[in-house]
Structure formats: structure tokens, C-alpha cells
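Below: one structure, written as C-alpha cells.
The values are calculated or read from the model by the stated rules, or taken from the named source; none is laboratory data. Note that the coordinates shown come from a computational prediction; the quantities given were computed from them, not determined experimentally. Cβ: placed from backbone, ideal geometry, glycine included. Neighbour counts: every protein chain shown.
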Amino acid sequence: MIDVQPPPLFADAVDYKHDPAALEAAQGTFNEEGLYAAIARFAAEWFARHGRSARVLDLCSASGLTALRVARTIPVQQTTLVDNEPTALDKAAKNFEGRDGVEMVCADAVTYRDGRTYDLILLNSAYHHIEDERKPAFLANAAALLADGGCMAMGEHFLPEYVTAEQFREAVIAFYRPLLEELEQRGESPSAVAVIRKAAYYTWTGEYEYKTSWVKACAWMPPSLRVAARERIWAPPEAHDDVGTIALRFQRD
Ligand SMILES: C[S@@+](CC[C@H](N)C(=O)[O-])C[C@H]1O[C@@H](n2cnc3c(N)ncnc32)[C@H](O)[C@@H]1O
């Protein structure tokens, strides 16, 4: 527990941990939509290069919206969704109703293995749900699940760099204050904004959401992975180029 009074920015936050509909509403806001669109472009680039249907693994899939976007963009032969929240996978089953070759697995995404490898591994708002000390193992495991020629698509929110706990909390505010203001200015639904307020609060307290900076993510990256493409979707005003809502395509050397 932290011994600091939470700022008013977090007032009226609404939880979403066990509420897939609330999470989906938040995932429909402008910068999250930008991540889905960027990941769909990465998938389309993979398909243009390989010309065959993809084997897709969605880690921390929640209700599977990223994999669904991919399946609406390119031919997919098989989709595996992995999440450790059963209510999210129940919603995923409804979202994928009528589609063949889809399986849902309730498991820890950090250690998930099934003896197969995948052409596209999706990590949308996944990395920040993994505790910092497990982040290196998470990406190393995902890299090991990549088929030859495959790629990993990450959608993430990167904070300004920090060193101390106080700087971390300032970084969270520096990211979320302008984002929450912009969400309201754009007229996003108040319930979606309230969920994002809760995500901000979880990040600030270091509970359930473990967002970090790009500098730290690089230090925790397995050496076999390299960034092949990058799209910055949103950033706080005047933020460093590494800060913001960013989509990344990784390849294994
Ligand atoms: C923000 S949601 C992901 C959104 C989803 N990928 C999308 O694009 O719509 C984060 C998800 O990570 C899941 N999660 C958190 N820690 C996990 C873990 N260690 N293993 C598997 N799933 C995890 C949560 O249950 C939650 O459904």
C-alpha cells in the first residue's frame, strides 16, 4: 500500500476487472481504437508477405477484440485466446460465435505453451498487465511461441521515464491527466472514461496494471526481438517521442 493521498483525478473511477462489457467500452475509445487499427495493419502486412492464412495467438486476450479485428482483416486458420479471467473468455466465446478454429484457454500468459508456434502473436494492452518482475519472462515466452517468419504485435501505453516511486506517480499523472481530458473533450462515453480513470488509478497504486516506460521495457526485452515497425497513436502534449499510446511490431532475429 502507498502512503500518499490519491489525487482527485481518480475520483468516480469504475472497476472493470470482472466486467468484460465495461472493459470493451473502454477499449472502444479513440486511442484504443487506434491500436486495433494499427495491429490490423501489421497483420495485413504479414499476410501480404506470406500469402497464407495465419495461426494467431492472443495473449491477455480479454474478450478477444484484437484477434477478432485480425480475423476480419486477413484469412486466419486458427485462433488461440489466452486470458486468466473466465468472464472475459465467456464473452470471447460469444464474440467468436460461428467462427471455426477458435479456442479459449484460461491460463497465465507468462508461462503459456501448447507445443505449437504462431504466425501472429497479439499483445494488446497485455504487457502492462504483467508485473514488472515477470515482464522479461513474458516476452521471452512469447518470442519462443513465434513461428519462423512470424511477428508479434504489441499495443501499449508507455509512461514518461521515472526512477523513484514519486517520479513514477508523477509519470502516471503526466500521462493520464491529458488523456482523460482529451477523452472528455472528444465526447467519449462517461462510463468508458470512468473505466479508464480506474486503469489510471490501478497504475498509480501499482496494483493490477503495471504500466512502464519504453526505456525500462527496452531493458527487459529479450535480445532476440527487434522492433520492425512502430506507430504512435496518441501522446501527451510535448511528450518525448517514446511516450504515449504506441503500436509496435516485433520480429525475432
Ligand atoms: C486490457 S485487457 C486486454 C485487452 C485485449 N487484449 C484487447 O485487445 O481487447 C487485459 C487482460 O489481461 C488479462 N490478464 C492479466 N494478467 C494476466 C495473466 N498473467 N495471464 C493471462 N491474462 C492476464 C486480464 O484478465 C484482462 O482480460
Search segment 115-135 for residues that are within 13 Å of the ligand (Cβ to nearest atom) and pair each with any residue that is polar (S, T, N, Q) and in a helix (DSSP H, G or I) when their beta-carbon atoms are under 7 Å apart and the residues are at least 6 apart or on different chains.
L122/T66; N124/T66
In segment 62-88, which residues are in contact (Cβ under 8 Å) with a residue 40 or more places away in the chain, surrounded by fewer than 24 Cβ atoms within 10 Å (Cβ to Cβ) and assigned to a loop (DSSP other than H, G, I, E, B)?
E85
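Looking at segment 89-107 only, could you name the residues that are in a helix (DSSP H, G or I) and either more than 9 Å from the ligand (Cβ to nearest atom) or surrounded by fewer than 14 Cβ atoms within 10 Å (Cβ to Cβ) (or both)? I'd like the intermediate steps shown before the answer.
Filtering segment 89-107 down to residues in a helix (DSSP H, G or I) leaves 89-95.
Answer for segment 89-107, where residues must be in a helix (DSSP H, G or I) and either more than 9 Å from the ligand (Cβ to nearest atom) or surrounded by fewer than 14 Cβ atoms within 10 Å (Cβ to Cβ) (or both): D90, K91, A92, A93, K94, N95.
Checking the structure you have, find out if any residue of segment 157-169 is of a type in the set (G, A, S) and in contact with a Pro (Cβ under 9 Å, 6 or more places away or on another chain).
Step one: filter segment 157-169 for residues of a type in the set (G, A, S), giving 165.
Subset that is in contact with a Pro (Cβ under 9 Å, 6 or more places away or on another chain): none.
No, that holds for no residue.
Looking at segment 151-181, which of the residues that are acidic (D, E) and within 28 Å of C218 (Cα to Cα) is surrounded by the fewest Cβ atoms within 10 Å (Cβ to Cβ)? Walk me through it before giving the result.
Step one: of segment 151-181, the residues acidic (D, E) are 156, 161, 166, 170, 181.
Cutting the leftovers down to within 28 Å of C218 (Cα to Cα) gives us 156, 161, 166, 170.
Details: E156: 20, E161: 16, E166: 10, E170: 15.
Per the criteria, the residue is E166.
Answer yes if at least one residue in segment 150-161 is farther than 25 Å from R41 by Cα and either in contact (Cβ under 8 Å) with a residue 40 or more places away in the chain or not in a helix (DSSP H, G or I) (or both), and no otherwise.
Of segment 150-161, the ones farther than 25 Å from R41 by Cα are 160-161.
Narrowing the set further to residues that are either in contact (Cβ under 8 Å) with a residue 40 or more places away in the chain or not in a helix (DSSP H, G or I) (or both) leaves 160-161.
Yes, that holds for at least one residue.
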Filter result for R230 (among the charged types (D, E, K, R), under 17 Å from the mean Cα position of the chain (by Cα) and more than 16 Å from the ligand (Cβ to nearest atom))
yes
Considering only segment 136-149, state which residues are in a strand (DSSP E or B) and surrounded by fewer than 18 Cβ atoms within 10 Å (Cβ to Cβ).
A147, D148, G149
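Criterion first (within 9 Å of the ligand (Cβ to nearest atom), of a type in the set (V, I, T) and either assigned to a strand (DSSP E or B) or in contact with a His (Cβ under 6 Å, 6 or more places away or on another chain) (or both)) does V110 satisfy it? Give the steps one after another, and end with the answer.
Numbers: within 9 Å of the ligand (Cβ to nearest atom): yes; of a type in the set (V, I, T): yes; either assigned to a strand (DSSP E or B) or in contact with a His (Cβ under 6 Å, 6 or more places away or on another chain) (or both): no.
Criteria not met by V110.
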Among the residues of segment 31-61, write down those that are of a type outside the set (G, A, S), within 15 Å of the chain's Cα centre (by Cα) and assigned to a loop (DSSP other than H, G, I, E, B).
C60
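Is it the case that T66 is within 16 Å of the ligand (Cβ to nearest atom), among the hydroxyl-bearing types (S, T, Y) and either at pLDDT below 95 or farther than 22 Å from L139 by Cα (or both)? Quick ask: steps written out before the conclusion?
Working: within 16 Å of the ligand (Cβ to nearest atom): yes; among the hydroxyl-bearing types (S, T, Y): yes; either at pLDDT below 95 or farther than 22 Å from L139 by Cα (or both): no.
Taking the combined requirement at face value, the residue does not satisfy it.
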